[in-house]
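Below is one structure; the comments refer to it alone.
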Amino acid sequence: MNDNKTLYTITIFSENTVGVLNQITTIFTRRQLNIETLSVSPSAIEGIHKFTITTFTNDEEVMKKLVRLIDKRVDILKAYYNTDEDLVHQELALYKLSTEKVMEHGSIEYFVRKYNVRILEVSVDCVVFLKAGHFDETQGLFEELSSTIGVLQFVRSGRIAITKSKVERLSDMLAKREEQKSLLLATQQI
Amino acid sequence: MERDKQTQPVITPTANKETLSGSEILIRALVAEGVDTVFGYPGGAIMPVFDALYDHKERIKHILVRHEQGAVHAAQGYARVSEKVGVALVTSGPGATNAITGITDAMMDSTPMVVISGQVVSSLLGTDAFQEADVIGVTQPITKWVYQVRRAEDIAWAVSRAFHIAASGRPGPVVLDIAKDAQVNSCDFSYERTTFLRSYQPIPDPEEDKIQMAAEVINSAKKPFALVGQGVILGNAEEELIAFLEKGGIPFGSTILGLSAVPTDHPLNMGMLGMHGNVSPNIKTNECDVLIAIGMRFDDRVTGDLKTYAKQAKVIHFDIDPAELDKNVKTTVKVVGDAKQTLPLVTKQMEQRAHPEWLAEFDTYYQKEYDHIIKKELYPESGEIKMGEVVHKVTEATNNEAICVTDVGQHQMMSTRYFKYTKSRSMVTSGGLGTMGFGLPAGIGAKYGAPDREVCIFVGDGGLQMTMHEFGTIMDYGVNVKIILLNNNFLGMVRQWQELFFDERYSETQMKNPDFIKVADAYGIKGKKVTKREELDDAIKEMLDHDGSYLLEVVVETKGMVYPMVPAGGSISNIMLGNGYSL
């Protein structure tokens, strides 16, 4: 379905106000774009939230327009997009396995070594694996576990990402806005 | 929009805090924002505000409309002619949902407006309480900003933000949804106007290199052509625009909302763009070498098929909203910023030019349009009365100084084509959304926004009946508007499309209409019905001489057509002239 399409990662910084996510998703809906993954959390700067959204499209123009429309919303501080080459990105996945089936299977050392799996929980009923990585990696483990031990529950987080470039776009923007604010206040006093 | 041009606040920001109810705070905040007129309709969840309003009748004039849609359209009409922010006040649930059409219309047409809706008590939010609607959820995609106020403490802050956001940059509608307990509870009041939000930069910084590039491209042009949009009017950049056009010798066409930015008789004014616009500006868009778009957004009704639109030209786009640049038409030079600032910067670097041969080419097309269409529409000697001739006679009778308000449909196109302007902010019409029912309430609002000007509302028989209840508002307040009903007993524009594109199958477009004059009479509005051409002049004179509201119903030809016409989705070079003629 996503042949010839590029996966874009959109990073959005917003004020922490009610309904921002709704404003963002509306823009995706209107532009007929499917959200592949979504991750939201407080950013490093207090009061500012960071959204990381991935979506497929075959036209970079669509991304440019999308980002401008998001950026235009009053509560949004900054929005930009990147392709995978510009990013260090990661997803988390949790796998719940039946302890009985794991014992039948024998060793789990193989999975720990091959997939760098962390074991979060071992109980009479279940064993929970954690794997961090790119989509292909978490998916690869899922497929192998499914065909060998069987997976009771599986969940994958949205992508989180940081840019490789030197530029810290948000802090630059905030600094510039502060400068503009003092300038504005100064002219108002005159 | 310059907020500072608004009336100076009667109540200045208070250093000394007072303890007041949320409703009282709301009214004082509105006064501090220079609001003196509010269009609204009361109801359960907004009653505390109406109660507070009762004590401030001298400061804030409230116009009780007959339906909330009327309140919002009136606020739009008010804002469009007055440079102020229009304000509508409605109750929760149905009050708010009835306002949706007008809010969407204001969003499409960048009209500064603050809509205040009551909301159920905050503890009941989300419980399907009586008259509860998810106003935030519904209005978020159709507003510039929405905020739900749940505490009295947040009212002053939210109003201050709302007005800043509605009026600054590219203006637009803002909704404040105020829970009833926030209206009733008390808190300390002090007011400070918002001038800065870190997440919102209303006017992007001009880019020096783009200014220079724009001037260079314009200086190199042999056949420049400009597209003038409402951004010029919203930015109060009419003078700057004229200086720019005159220095470059640049002919221009206006979008429907850009009309009246420059007087009709300006020698560089080539008329209206788009589907029913004039021939020469459409044709020349596809023949110019440099196309300069100023404060317009390349709507599909202006561009037709984008694949054939101005492909030969270098495109320069001036706009305050970066999201409009490259949205529909790829541009060579993007000049972001406020046209009032950017136009003079470009003009300064331009060379004085004239392009007489290029201008003469427009005349050829004008002559063709005049012979085939305009002459027949404005000066028919026999047959039924035509819409164009009525509009023409009205505009002449007002010395071309009136405000033209229209509804949507054939009469709208005829009004925008043939009404003439000598002043800016003289055209109030629903451009982007094409809202039938807009005209009458918007005209009422326009009269409040510009009480010293004559307001002529052109409506069709279809659109009038969508908001005809506003006759009640006109009666109640004695609003002096002149309503010109161009009645063809058809939903004319749809009928035109049925004739052209649906084999004359007139599905549900013929209307059995009431006696409009009797209806008006019931509301105390003087009226006259004209069916004969020879009665028209006198009737128009009587209407304009009458001191008060007036309904002039003119029975026009049943199957009139609006030409020229660029069929939807077609190239703007393929223009139908009607009667089998094309270019």
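The values are calculated or read from the model by the stated rules, or taken from the named source; none is laboratory data. Being a predicted model, the structure only gives us computed values, none of them experimental. All Cβ positions, even for glycine, are placed from backbone atoms using ideal geometry, and neighbour counts span all protein chains on display.
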Strands (runs of 3 or more DSSP E) (entirely within region B:237-340) containing at least 1 residues that are at pLDDT 95 or above and among the basic types (Lys, Arg) = B:314-319, B:333-336
query = Is at least one residue of region A:95-108 in contact (Cβ under 8 Å) with a residue 60 or more places away in the chain, part of a strand (DSSP E or B) and away from chain B (no Cβ under 14 Å)?
reply = no
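Going by the structure shown, is B:ARG170 touching a Lys or Arg at 6+ places or on another chain (Cβ under 7 Å) and either farther than 24 Å from B:VAL81 by Cβ or not assigned by TED's automatic domain parsing to the domain that holds B:ILE320 (or both)?
Numbers: touching a Lys or Arg at 6+ places or on another chain (Cβ under 7 Å): no; either farther than 24 Å from B:VAL81 by Cβ or not assigned by TED's automatic domain parsing to the domain that holds B:ILE320 (or both): yes.
It is false that B:ARG170 is touching a Lys or Arg at 6+ places or on another chain (Cβ under 7 Å) and either farther than 24 Å from B:VAL81 by Cβ or not assigned by TED's automatic domain parsing to the domain that holds B:ILE320 (or both).
Against the condition surrounded by 16 or more Cβ atoms within 10 Å (Cβ to Cβ), outside the structural domain of B:GLY460 (by TED's automatic domain parsing) and small (Gly, Ala, Ser), how does B:SER571 come out, does it pass? First the steps, then the outcome.
Numbers: surrounded by 16 or more Cβ atoms within 10 Å (Cβ to Cβ): yes; outside the structural domain of B:GLY460 (by TED's automatic domain parsing): yes; small (Gly, Ala, Ser): yes.
Spelling it out, B:SER571 is indeed surrounded by 16 or more Cβ atoms within 10 Å (Cβ to Cβ), outside the structural domain of B:GLY460 (by TED's automatic domain parsing) and small (Gly, Ala, Ser).
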message = What's the total number of residues in region B:510-567 that are assigned to a loop (DSSP other than H, G, I, E, B), touching a residue at least 60 places away in the same chain (Cβ under 8 Å) and aromatic (Phe, Trp, Tyr)?
response = 1
ask   = For region B:183-237, which residues satisfy the criterion of being more than 14 Å from every other protein chain (Cβ to nearest Cβ), under 28 Å from A:LEU185 (Cα atoms) and within 24 Å of the chain's Cα centre (by Cα)?
value = B:GLY231, B:VAL232, B:ILE233, B:LEU234, B:GLY235, B:ASN236, B:ALA237
query = Can you name the residue in region B:474-504 that is in contact with a Ser or Thr (Cβ under 8 Å, 6 or more places away or on another chain) and among the β-branched types (Val, Ile, Thr) and, of all such residues, is farthest from B:ILE63 (Cα to Cα)?
reply = B:VAL494
key: Every pair of residues 6+ apart whose Cβ atoms lie under 9 Å, when the first sits in region A:112-127 and is farther than 19 Å from A:GLY140 by Cα while the second is exposed (fewer than 12 other Cβ atoms within 10 Å of the Cβ) and among the polar types (S, T, N, Q)   = A:CYS126/A:GLN153
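Looking at region B:98-145, which of its residues are over 22 Å from B:VAL65 (Cβ atoms) and not in a loop (DSSP other than H, G, I, E, B)? Explain how you work it out, then say what you get.
Applying the first criterion (over 22 Å from B:VAL65 (Cβ atoms)) to region B:98-145 yields B:110, B:120-130, B:132, B:134, B:136-137, B:140-141, B:144-145.
If the condition is that a residue be over 22 Å from B:VAL65 (Cβ atoms) and not in a loop (DSSP other than H, G, I, E, B), then B:SER122, B:SER123, B:LEU124, B:ILE136, B:GLY137, B:GLN140, B:PRO141, B:TRP145 are the ones that fit.
Give the residue that is farthest from the other protein chains (Cβ to nearest Cβ), with candidates limited to residues of region B:146-173 that are farther than 27 Å from B:THR342 by Cα and assigned to a strand (DSSP E or B). Working first, answer last.
The initial filter retains those residues of region B:146-173 that are farther than 27 Å from B:THR342 by Cα, namely B:146-160.
With assigned to a strand (DSSP E or B) added as a condition, the list becomes B:146-149.
Values: B:VAL146: 7, B:TYR147: 8, B:GLN148: 7, B:VAL149: 11 Å.
Step by step, filter region B:146-173, then rank; the result is B:VAL149.
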note = Selection from region A:153-190 of residues surrounded by fewer than 15 Cβ atoms within 10 Å (Cβ to Cβ), of a type in the set (A, V, I, L, M, F, W, C) and either over 23 Å from A:ALA44 (Cβ atoms) or within 14 Å of chain B (Cβ to nearest Cβ) (or both) yields A:VAL155, A:ALA175, A:LEU183, A:LEU184, A:LEU185, A:ALA186, A:ILE190
query = If A:GLY133 passes every condition in (1) loosely packed, with under 13 Cβ neighbours inside 10 Å; (2) at pLDDT 90 or above; (3) on the phi > 0 side of the Ramachandran plot but one, which one does it miss?
reply = (1)
